[in-house]
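Student: Have a look at the structure that comes next, please.
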Amino acid sequence: MKSGLILSAACLLFASAGAELAQAGGMVPFPGRTITGNYYQPYAARAHQQNAINQSQVLQYYSQAHQAIPVETAQTLVVEIKHHVTVVQAELDKAAQEAKGVPEEMKLISEIQTHQANALKECGMLESECAKHPGGSVEMPECCSRMHAELNAASAAHDKLLKYLKAPVVPTT
């Protein structure tokens, strides 16, 4: 029930952003860009970035509380985080193709990619810790807090990219 409400709220948020874009002169989110599968989709990237942050928040909480959780739970969260980061990376690859020859844009994309790569390293550290306790539980190591911090930094860098591209920033909750 709760996830249905969250999904509905997210749909409304993105629908209202689309309506604002349409009123501003069409569905093109910023000059010279289109929304198709072949081009960088900033809002899809942003949604996946936020999903990764939400998953990492759970791990960070357990890390800060020094609570053990089932290895299966930790592994499931890591799989979700890695999935969302991979989708964001695919979108950033599209953005990098579009940004060739624009140094400032490439710098911002690189900053996001660096934070994403650092988050994935932290995922690997957690996976290694989980491998030590098959079928049991694992106390969340400090890598969870670092992972969460890297994902937040990637999100902030993505917001800077959207601002540079003059794309309206849709607020996250």
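Student: Among the residues of segment 84-97, which ones are more than 16 Å from residue 155 (Cβ to Cβ) and in contact with a helix residue (DSSP H, G or I) (Cβ under 8 Å, 6 or more places away or on another chain)?
Tutor: Scanning segment 84-97 gives a single hit, 96.
Student: Across segment 92-128, which residue is farthest from residue 141 (Cα to Cα) among those that are among the aliphatic types (A, V, I, L, M) and in contact (Cβ under 8 Å) with a residue 40 or more places away in the chain?
Tutor: From segment 92-128, those among the aliphatic types (A, V, I, L, M) are 92, 95-96, 99, 102, 106, 108-109, 112, 117, 119-120, 125-126; that's our starting set.
Subset that is in contact (Cβ under 8 Å) with a residue 40 or more places away in the chain: 92, 95, 108-109, 112, 119, 126.
Values: 92: 29, 95: 34, 108: 30, 109: 29, 112: 24, 119: 14, 126: 7 Å.
This residue is 95.
Student: Taking interchain pairs and intrachain pairs at least six residues apart, which have beta carbon atoms under 8 angstrom, with the first residue in segment 73-91 and at negative phi and the second outside any helix (DSSP H, G or I) and of a type in the set (S, T, N, Q)?
Tutor: Listed by first residue and then by second, the contacts come to 91/41.
Student: Just the residues that are surrounded by 14 or more Cβ atoms within 10 Å (Cβ to Cβ) and assigned to a helix (DSSP H, G or I), please, taken from segment 91-106.
Tutor: If the condition is that a residue be surrounded by 14 or more Cβ atoms within 10 Å (Cβ to Cβ) and assigned to a helix (DSSP H, G or I), then 91, 92, 94, 95, 96, 98, 105, 106 are the ones that fit.
Student: Any chance segment 41-50 includes a residue that's of a type in the set (A, V, I, L, M), in contact (Cβ under 8 Å) with a residue 60 or more places away in the chain and farther than 26 Å from residue 168 by Cβ?
Tutor: Within segment 41-50, not a single residue is of a type in the set (A, V, I, L, M), in contact (Cβ under 8 Å) with a residue 60 or more places away in the chain and farther than 26 Å from residue 168 by Cβ.
Student: Does residue 35 qualify as being at pLDDT below 90 and either buried (at least 19 other Cβ atoms within 10 Å of the Cβ) or more than 21 Å from residue 141 (Cα to Cα) (or both)?
Tutor: Yes, satisfied.
The values are calculated or read from the model by the stated rules, or taken from the named source; none is laboratory data. Predicted, not measured: the structure shown is a model, and the values here were computed from it. Methodologically, a virtual Cβ is constructed for each residue, glycine included, from the backbone with ideal geometry; neighbour enumeration extends over all protein chains shown.
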